[in-house]
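Chemist: Let me give you the structure first, and then I'll get to my questions.
Every read-out reported here was derived from the displayed coordinates using simple, explicitly stated rules and does not represent laboratory data. This one's a predicted model, so the numbers in the text were calculated from it and none came from an experiment. Reconstructed Cβ throughout: ideal geometry from the backbone, glycine too, with neighbour counts over all protein chains shown.
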């Protein structure tokens, strides 16, 4: 049986900030969860982070809970990766309790696949950039050594080498775009010979790069309106075959479809 994963990122629930139209998040999340329930029928959903537009402790905690409740309308398990906006005012233990998240980085055997959720807020850099710490990457190396099932990796910040200058903010802030320690992460991923794809958000663009035989796929923000008429409305639908095949459809105004075998 294939494994189906609904993918969403950079929801930015909250007040509108520049092109991040957080006020549109509830309606778009309702559309996403309806699609999941009625058409795609995923086994789980992965939320890649930046689920709120941060303002203050009380509002951020409330909005994190809002996003969880809205996503749970899909009726399937949800795994969460940390984005930089999620933890600016809320501590990781508080945020984990709100979302029902077991650890800051974690892995799960689901179906015939090994699902890895990394934490690129380890630590956050200047409130926007991100890092994968060496202890976390030591854990990843050991985690991927154990078992033989195909693996899929999820992280908020990109682990590839895409060009930050394509984005209006990151063109002047390259150090805030891609995850620090990403080269070591890619070495571990390639050496494992298990990882079939890596997914991330953060960049508010759709991007596909293949490095060392592994596809790295960036998903556009749900609410960003910087290059679309109104919020993009983008989310991903991933279908994983038993032999390690990966099919990805990105819905919304910037729709694409790619497959890897």
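Chemist: Quick check: residue separation of residue 31 and residue 97 times 0.36 nm, minus the Cα distance between them. What number comes out in nm?
Modeler: Working it through step by step, the gained length comes to 21.1 nm.
Chemist: Now a separate question. What's the exposure ranking of 203, 70, 36, going from fewest to most Cβ atoms within 10 Å?
Modeler: If I rank by nearby Cβ atoms, fewest first, I get 70, 36, 203.
Chemist: Rounded to the nearest 0.05, what FRET efficiency do residue 183 and residue 208 give with R0 = 22 Å and r taken as the Cβ-Cβ distance? Could you check?
Modeler: 0.70
Chemist: So for 94, 30, fewest C-beta neighbours within 10 Å to most, what's the order?
Modeler: 30, 94
Chemist: Additional query: Considering the Cα trace of the stretch 192-261, what is its radius of gyration and what is Dmax, both in angstroms?
Modeler: Expressed in Å, the Cα Rg and Dmax of the stretch 192-261 come to 12.8, 42.
Chemist: Shifting gears a bit: Between the stretch 73-108 and the stretch 149-192, how many Å separate their Cα centres?
Modeler: 20
Chemist: Extending each Cα 7 Å along its Cβ direction at residue 247 and residue 43, get the distance between those two points in nm, one decimal.
Modeler: Taking the two extended label points, one gets 1.5 nm.
Chemist: I've got another one for you. Fully extended, how many nm does the chain gain between residue 23 and residue 166 (0.36 nm per residue separation, minus their Cα-Cα distance)?
Modeler: 48.9 nm
Chemist: Also: Sort 235, 168, 82, 139 so that the residue with the fewest other Cβ atoms within 10 Å of its own Cβ comes first and the one with the most comes last.
Modeler: So the residues, fewest neighbours to most, are 168, 139, 235, 82.
Chemist: What are the extents of the Cα atoms of the stretch 156-242 along their three principal axes, in Å, largest first?
Modeler: Computed over the Cα atoms, the extents are 40, 32, 16 Å.
Chemist: May I pose another question? How high is the relative contact order of the chain, in percent, counting Cα pairs under 8 Å that sit 6 or more residues apart?
Modeler: The normalised contact order for the chain reaches 20 percent.
Chemist: Using the eigenvalues of the Cα gyration tensor, what equivalent ellipsoid semi-axes result for the chain when each is taken as the square root of five times the eigenvalue, whole Å, largest first?
Modeler: 25, 21, 19
Chemist: If I model a spin label at residue 191 and residue 145 as a point 7 Å from the Cα along the Cα→Cβ vector, what separation in nanometres do I get?
Modeler: My value for the distance between the label points is 0.9 nm.
Chemist: Dividing the alpha-carbon Rg of the stretch 51-99 by 2.2 N^0.38 Å yields what?
Modeler: Against the compact-globule rule of thumb, the ratio is 1.07.
Chemist: 222 nm [θ] for the chain, helices only, -39500 (n - 2.57) per DSSP H run of 4+, per residue, to 500?
Modeler: It comes out at -7000 deg cm²/dmol, rounded to the nearest 500.
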